[in-house]
1. Would you tally the residues in the stretch 449-483 being over 19 Å from the mean Cα position of the chain (by Cα), at pLDDT 85 or above and farther than 30 Å from T73 by Cα?
2. Looking at the structure I just gave you, is R415 part of a helix (DSSP H, G or I), basic (K, R) and under 20 Å from V291 (Cα atoms)?
3. With the structure loaded, tell me whether L93 is part of a loop (DSSP other than H, G, I, E, B) and either in contact with a Leu (Cβ under 6 Å, 6 or more places away or on another chain) or more than 29 Å from A447 (Cα to Cα) (or both) or whether it fails that test.
4. Of everything in the stretch 114-140, what is surrounded by fewer than 22 Cβ atoms within 10 Å (Cβ to Cβ) and of a type in the set (A, V, I, L, M)? Give them in sequence order.
5. So, restricting to helices (runs of 4 or more DSSP H) that lie completely within the stretch 142-235, which ones have at least 1 residues that are buried (at least 17 other Cβ atoms within 10 Å of the Cβ) and over 25 Å from the mean Cα position of the chain (by Cα)?
6. Please verify whether V431 is modelled with pLDDT under 90, among the hydrophobic types (A, V, I, L, M, F, W, C), within 19 Å of V393 (Cβ to Cβ) and under 15 Å from the mean Cα position of the chain (by Cα), treating the condition exactly as stated.
7. Name the residues in the stretch 128-170 that are farther than 15 Å from H201 by Cβ and small (G, A, S), would you?
Amino acid sequence: MPHPAPGLSAHTPGALGILVRTMNDLAEHALRALDAGRRKLIAHPLPALAGAGFACAALVVVTGGRIGASPSTVPLDGWLGLQPTERPGSTALLGSLMFGGIVALLLLWVVTVLLLHRRTYPPRTPWALAAVWGAPLALGPPVLSPDIYLNAGRGLLAARGFDPYRVGVNALGNIPLLNAVDPAWRSAPSTAGPLGTLLQHAVAFLGGDNAIGTVIGLRLIGVGAVIGIGLLAAELAGPLRSTGLGLTVLNPALLLLVVNGAHLDGVLGVLLLGALLASSQRRRVLAVVLVCAAAALKPVALVAVLAVLIAHATGRRDRVSWQIAARDGALAAVCLVGFTFAVPDGLGWVRNLPTVVREHLPFAPSSVLSEVIGPMVPSASFDDLQAGGRVTVVLAAVVIIAWLLATTRHRTLDRTVGYALLTAAVLAPVVYPWYLLWAVCCLAPAAVGIRRDWVVALSAVACVLTPSGFATATAEHVTLAALLLVGLALLPTLVTHSARRRRVSGV
């Protein structure tokens with residue numbers, strides 16, 4: 001009779017059977033738990049989206065704090081220990097993680113906007129998500145732009161008796177804030193409108209003439225601006241309140257550039273949306289005052305002033321009401337003159353406009369055009385090519401904006417203002433990410449269909465246009481790849497919309 005092999009017993013087959021059955025039961029329970037979790041996630045996705053968005057925003061803040069808003073600046077403060085006193089030797093890995101966090105936040109935002117559009121959620125849902133996503137960005141250091149320090153410096157200039165339209169922040173002397181400002185802008189005078197200068201002065205005054213207090217005040221204004229944009233967007237969105245809120249207060253571009261970066265373009269968005277809402281409610285005097293205040297904050301909004309005046313004068317009639325045009329025109333003139341005298345040298349921004357175009361941004365249409373025509377005119381210098389490209393795009397912008405204003409009666413006022421500001425932003429000699437917010441704030445609340453997709457695309461472009469942490473050549477390649485992906489994602493929508501229009505028109 002054969003003997004069992006060493007280490008085995010006659011009961012081994014039964015033990016193996018029990019072990020197999022136990023493992024099968026555990027696997028079955030695990031699969032059931034996963035399926036239940038999947039169904040729960042599909043039925044209630046918002047907690048997962050909130051947690052994932054918070055994690056992405058925290059990743060952006062932590063890695064961005066290590067990189068710094070600009071490689072040539074020194075942090076003003078350790079900012080809760082997130083900003084080191086010494087820069088890391090290589091930031092490529094940190095830049096990749098930060099850029100990945102921004103892309104992930106954009107994808108989560110797209111999914112959330114689709115959910116808010118397809119399901120019935122109360123307005124408090126996007127507000128709650130915005131609070132969770134925005135908390136790390138509101139508390140952390142600036143990550144995409146050091147302009148918050150430049151604005152703080154100009155506020156301190158005004159508070160200390162200097163004219164920001166005549167001197168740069170280097171007039172403050174050798175203070176820590178100066179090292180946090182981009183060296184290219186330390187000697188540049190201000191190009192903000194008179195209300196922009198007044199706002200910077202007021203924040204510096206309330207901050208106790210202190211750099212850190214002024215920076216915190218500007219951050220609080222950024223947070224308040226996004227809240228104001230959300231409240232006004234909800235009113236303009238009508239029955240689509242949750243979707244309108246999702247496109248604004250949850251928008252990563254607003255969270256990164258207005259909440260975290262504290263750009264005054266957020267305040268501009270509040271004033272423009274307030275003017276659009278007042279005009280829709282036929283409160284025309286208030287609309288004119290608010291849009292003139294927007295122009296006094298950022299002079300680019302002068303095109304919005306013209307759009308509002310024309311819309312009020314034409315209305316839905318086929319003729320111009322010269323009485324309304326004269327009344328609103330006189331009111332606008334009084335407001336603009338009054339706002340100009342709000343600060344000394346209120347028109348100083350006019351002579352400083354050339355300082356805006358001092359930088360070369362490779363993805364600005366003017367730069368692309370100069371690259372295209374360069375081989376055709378080999379004898380032309382770099383400066384000549386840049387000047388030719390900038391003149392060409394500015395002329396194109398003037399023509400397009402003039403056409404939009406002449407055809408105001410054929411579209412809603414928010415679309416006219418949004419398209420005109422988008423033209424001014426994209427066809428400017430230089431294109432900064434926060435310029436795109438001019439159009440996004442106006443178009444987002446009532447955006448449906450393809451316009452909603454365009455708002456999403458513009459917001460994505462604003463987030464990926466200037467990646468941090470990479471070498472210059474690498475940053476350009478990363479930006480180009482991101483822009484191509486945004487374009488490819490938008491392409492199916494454009495094709496579908498074009499086909500639908502052809503079917504409707506019978507062509």
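1. Residues that pass the stated criteria total 1.
2. Against the criterion (part of a helix (DSSP H, G or I), basic (K, R) and under 20 Å from V291 (Cα atoms)), R415 qualifies.
3. Answer is no for this residue.
4. Of everything in the stretch 114-140, those that are surrounded by fewer than 22 Cβ atoms within 10 Å (Cβ to Cβ) and of a type in the set (A, V, I, L, M) turn out to be L114, L115, A128, A131, V132, A135, A138, L139.
5. In the stretch 142-235, 147-159, 176-180 are the helices (runs of 4 or more DSSP H) which contain 1 or more residues that are buried (at least 17 other Cβ atoms within 10 Å of the Cβ) and over 25 Å from the mean Cα position of the chain (by Cα).
6. Yes; evaluated as a whole, the condition is true for this residue.
7. Hits for the stretch 128-170 are A128, A130, A131, G134, A135, A138, G140, S145, G168.
Per-residue answers, yes or no, for (1) buried (at least 18 other Cβ atoms within 10 Å of the Cβ); (2) under 25 Å from V270 (Cα atoms):
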residue	(1), (2)
A293	yes, yes
A296	yes, yes
A313	yes, yes
A330	no, yes
V337	no, yes
E359	no, no
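The values are calculated or read from the model by the stated rules, or taken from the named source; none is laboratory data. Just so you know, these numbers come straight off a predicted model, no measurement behind them. Note that we place each Cβ from the backbone using ideal geometry, even for glycine, and neighbour counts take in every protein chain shown.
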